[in-house]
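The values are calculated or read from the model by the stated rules, or taken from the named source; none is laboratory data. Every value quoted in this text rests on a predicted model; they were computed, and no experiment measured them. Cβ atoms come from the backbone with ideal geometry, glycine included; neighbour counts cover every protein chain shown.
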Amino acid sequence: MPDYGFGDYLQFVLSGLSTGSIYALVALGIVIIYSVTGIINLAQGEYTMLGAMFAVTFYKWGLPLPLAFAASVIVVILIGMLIERLTVKPVRSASPVTLIIITVGVSIIIRGVALLIWGATPYSLPEFTPGAPLTLFGAILSRQRLWIMGVTALVLALLYYLLERTLLGKALRACAINQTAASFMGVSPGQMSLLSFALSAALGAVAGIVIAPLTLVSYNMGLMLGLKGFVAAVIGGLVSAPGAVIGGLLLGVIESLSAGLISSGMKDAIAFLALFVVLLWRAEEVTPRLRSLLRRQSEVEG
Amino acid sequence: MLTIEGLSVKRGGVQALREVTLHVDEGEIVSLVGANGAGKSTLLYAIAGSLPISSGRIEYQGQALNGMSPERTARLGIGLTPEGRQIFGTLSVLDNLLLGAYVDYAGHWRDLLGNIKRIANDDSVRERLATVYDLFPILEERQSQDGGNLSGGEQQMLAIGRALMSSPRLLLVDELSMGLAPNLARQLLGLLGRMRDLGLTILLVEQDARAALKVAERGYVLETGRIVAEGTASELLNSDRIQKAYLG
Ligand SMILES: Nc1ncnc2c1ncn2[C@@H]1O[C@H](COP(=O)(O)OP(=O)(O)OP(=O)(O)O)[C@@H](O)[C@H]1O
Ligand SMILES: [Mg+2]
């Protein structure tokens with residue numbers, strides 16, 4: 001094992017935190033949709049792909065990067081809302097497992113359509129502020145990684161404001177707690193479901209766009225990000241927004257440390273090992289949720 | 001104000017309401033009496049739009065409610081304190097109350113996305129909050145605590161306060177005194193009387209049928225989903241049959 005100094009460890013942690021920020025955003029999207037609608041949205045990763053793809057496309061059309069960013073987020077929000085209206089609304093009373101399978105179908109369709117539109121060749125997006133990497137206490141960090149962490153922090157602050165400081169956020173949370181009671185307050189569960197998809201799509205799109213300069217933007221980039229986001233969401237307990245953030249950051253750092261200290265080929269294996277460990281370790285919290293999901297399934301069938 | 005004709009509702013395989021016909025006039029308290037499982041809660045849920053109706057008509061202020069969603073009936077001024085409180089346990093007491101006023105802001109995106117403190121400071125909301133805190137001072141003391149941390153009786157106060165925050169025109173109350181000390185229960189019934197005097201119309205389900213009928217103008221008796229008796233409160237209070245069955 002090579003002889004690492006403080007700067008190297010710091011670098012692993014910082015780059016882990018930036019990748020973890022991406023996982024956190026994806027995980028938050030999963031948590032929001034799950035809390036409000038009871039659906040585990042396995043298509044969440046596709047929003048990152050769509051975000052990156054549209055940003056690349058708009059940028060190539062000549063839009064300045066910030067505008068391409070904003071336009072892409074808006075388009076992906078609209079797509080998220082359309083998906084909700086087309087797939088979730090018509091089958092609101094279907095069993096949870098059916099709904100999960102629908103989201104798998106949705107993700108396959110999105111990937112297929114993306115392949116048709118954009119082809120299989122990867123694209124790239126320039127760094128937001130190109131330039132030499134920054135050095136911090138011996139750690140070397142690309143500027144884009146700072147952008148990732150900064151944008152994530154901003155998005156988290158906005159989300160915190162929405163959920164903690166506005167009546168709309170409280171209505172969304174009320175709906176997540178007790179849909180029937182919320183509807184007696186005049187809160188429309190259908191509208192909240194739509195809102196949760198819009199929010200999750202926005203989170204996914206932002207994640208996809210900020211990571212785009214560091215990765216290959218291709219039709220299937222959402223698959224792995226979606227899975228990692230799901231792992232992070234489960235680490236965080238599946239219904240907790242702070243939990244999702246911590247889960248995402250933790251997963252990013254664990255991955256980065258294991259890639260640096262053991263082998264970069266281990267990265268993905270480590271993520272799923274982490275999922276396994278968490279499912280065992282937090283079995284008491286997470287399993288009942290999954291179990292009640294399955295129980296509702298058998299009630300629907302029974 | 002509320003007219004129900006031939007209402008039938010199925011729950012699971014059970015015929016929970018059969019051909020129920022009743023009316024509630026503006027400014028009166030109507031008490032709904034019946035044994036456990038008679039269909040009282042089902043009736044309130046059906047009026048609020050939360051249960052599908054198999055046949056019959058519900059009309060409110062000349063408007064058909066059939067097939068209308070609960071969020072829409074709420075916006076028409078129908079408030080419901082559901083059985084079992086159903087407060088939002090992980091939201092603060094104040095947030096629970098402010099959600100009661102959501103009907104006023106539904107669709108007003110600027111208010112919905114603005115700081116919630118501004119809503120708490122709106123004149124009409126502040127006034128209603130003051131009324132609720134006046135009734136239940138404990139809620140003001142606990143306003144920043146999670147609703148779920150309140151005692152059962154305090155949660156019931158919160159549920160009632162939350163319904164009042166929407167300043168409903170028609171209030172549907174299920175099990176008003178559930179979990180409350182007898183003293184407070186009586187006080188609340190008296191309060192309903194005062195609110196009726198101020199123009200609120202109330203359809204009341206209450207375990208303590210005698211106390212409920214004392215504050216009500218009229219009453220209906222439900223048995224296995226059917227109305228089996230109706231009359232003015234004093235007629236029902238004095239009927240032998242009803243005394244034996246429900247006022248024991
Ligand atoms: N969720 C449900 N699914 C199926 N059947 C139900 C459900 N809720 C109630 N029922 C049935 O509908 C009938 C009426 O129930 P309801 O809750 O309206 O009675 P209630 O008069 O409010 O009784 P209580 O005084 O116990 O609250 C009962 O036979 C009950 O078993
Ligand atoms: Mg009941």
Show the residue pairs meeting these rules: Cβ distance below 8 Å; 6+ apart or different chains; first residue within region A:129-158 and closer than 13 Å to A:Gly20 by Cα; second residue in a strand (DSSP E or B). A:Leu146/A:Leu134
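When you go through A:Ala174, A:Ala212 one by one, which is the residue that is among the small types (Gly, Ala, Ser), within 21 Å of A:Gly20 (Cα to Cα), out of contact with any Pro (no Cβ under 8 Å at 6 or more places or on another chain) and at pLDDT 95 or above? Lay out the reasoning, then the answer.
Values: A:Ala174 fails: within 21 Å of A:Gly20 (Cα to Cα).
Going through A:Ala174, A:Ala212 in turn, just one is among the small types (Gly, Ala, Ser), within 21 Å of A:Gly20 (Cα to Cα), out of contact with any Pro (no Cβ under 8 Å at 6 or more places or on another chain) and at pLDDT 95 or above: A:Ala212.
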Condition check for B:Arg110: assigned to a helix (DSSP H, G or I), in contact with a helix residue (DSSP H, G or I) (Cβ under 8 Å, 6 or more places away or on another chain) and within 14 Å of another protein chain (Cβ to nearest Cβ): no
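Quick test for you: out of A:Ser107, A:Ser93, pick the one residue that is small (Gly, Ala, Ser) and crowded, with 19+ Cβ neighbours inside 10 Å.
Values: A:Ser93 fails: crowded, with 19+ Cβ neighbours inside 10 Å.
Checking each option against the conditions leaves just A:Ser107.
Restrict the check to region A:223-243 and report whether at least one residue is among the β-branched types (Val, Ile, Thr), within 16 Å of the chain's Cα centre (by Cα) and either surrounded by fewer than 18 Cβ atoms within 10 Å (Cβ to Cβ) or within 14 Å of chain B (Cβ to nearest Cβ) (or both).
Residues of region A:223-243 that are among the β-branched types (Val, Ile, Thr), as a first pass: A:231, A:234-235, A:239.
Narrowing the set further to residues that are within 16 Å of the chain's Cα centre (by Cα) leaves A:231, A:234-235, A:239.
From the residues that got through so far, the ones that are either surrounded by fewer than 18 Cβ atoms within 10 Å (Cβ to Cβ) or within 14 Å of chain B (Cβ to nearest Cβ) (or both) too are A:239.
Looking through region A:223-243, at least one residue is among the β-branched types (Val, Ile, Thr), within 16 Å of the chain's Cα centre (by Cα) and either surrounded by fewer than 18 Cβ atoms within 10 Å (Cβ to Cβ) or within 14 Å of chain B (Cβ to nearest Cβ) (or both).
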Take A:Ile79 and decide whether it is surrounded by fewer than 16 Cβ atoms within 10 Å (Cβ to Cβ) and out of contact with any strand residue (DSSP E or B) (no Cβ under 7 Å at 6 or more places or on another chain). no
Taking region A:2-30, which residues are surrounded by fewer than 20 Cβ atoms within 10 Å (Cβ to Cβ), in a helix (DSSP H, G or I) and among the hydroxyl-bearing types (Ser, Thr, Tyr)? A:Tyr9
Suppose we keep only residues that are within 11 Å of ligand 1 (Cβ to nearest atom) and of a type in the set (Val, Ile, Thr) within region B:21-57. Which one would you say is surrounded by the most Cβ atoms within 10 Å (Cβ to Cβ)? B:Val33
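Pick out the one residue from A:Ala212, A:Ala182, A:Ala198, A:Ala207 that is crowded, with 24+ Cβ neighbours inside 10 Å and within 14 Å of chain B (Cβ to nearest Cβ). Before you say what the answer is, go through the steps one by one.
On the way: A:Ala212 fails: within 14 Å of chain B (Cβ to nearest Cβ); A:Ala198 fails: crowded, with 24+ Cβ neighbours inside 10 Å; A:Ala207 fails: within 14 Å of chain B (Cβ to nearest Cβ).
Result: A:Ala182 is the single residue among A:Ala212, A:Ala182, A:Ala198, A:Ala207 that is crowded, with 24+ Cβ neighbours inside 10 Å and within 14 Å of chain B (Cβ to nearest Cβ).
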Selected residue [away from every other protein chain (no Cβ under 14 Å), within 21 Å of B:Thr131 (Cα to Cα) and more than 16 Å from ligand 1 (Cβ to nearest atom)] from B:Ile202, B:Ile160: B:Ile202
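So which residues in region B:78-121 are away from ligand 1 (no atom under 16 Å from the Cβ) and surrounded by fewer than 16 Cβ atoms within 10 Å (Cβ to Cβ), if there are any at all? Steps first, answer last, please.
Start the filter on region B:78-121 by keeping residues that are away from ligand 1 (no atom under 16 Å from the Cβ), which leaves B:78-79, B:87-121.
Correct list: B:Gly89, B:Thr90, B:Gly107, B:His108, B:Trp109, B:Arg110, B:Leu113, B:Asn115, B:Lys117, B:Arg118, B:Asn121.
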I'm trying to understand the selection: among the residues of region B:84-122, which are closer than 23 Å to A:Ser35 by Cβ and of a type in the set (D, E, K, R)? B:Arg85, B:Asp95
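For region B:81-99, how many residues are at the interface with another protein chain (Cβ under 7 Å from one of its Cβ atoms) and either outside any helix (DSSP H, G or I) or in contact with a strand residue (DSSP E or B) (Cβ under 8 Å, 6 or more places away or on another chain) (or both)?
Residues of region B:81-99 that are at the interface with another protein chain (Cβ under 7 Å from one of its Cβ atoms), as a first pass: B:82, B:86, B:88-91, B:95, B:98-99.
Now narrow it down to the ones that are either outside any helix (DSSP H, G or I) or in contact with a strand residue (DSSP E or B) (Cβ under 8 Å, 6 or more places away or on another chain) (or both): B:82, B:86, B:88-91.
Of the residues in that region, 6 qualify.
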I'd like the residue in region B:13-71 that is away from every other protein chain (no Cβ under 14 Å) and acidic (Asp, Glu) and, out of all such residues, is farthest from B:Gln243 (Cα to Cα). B:Glu59
Taking the stated definitions as given, is A:Leu156 of a type in the set (A, V, I, L, M), away from every other protein chain (no Cβ under 14 Å) and in a helix (DSSP H, G or I)? yes
Among the residues of region B:1-20, the number that are near ligand 1 (Cβ under 9 Å from one of its atoms) and either in contact with a helix residue (DSSP H, G or I) (Cβ under 7 Å, 6 or more places away or on another chain) or among the β-branched types (Val, Ile, Thr) (or both) is 5
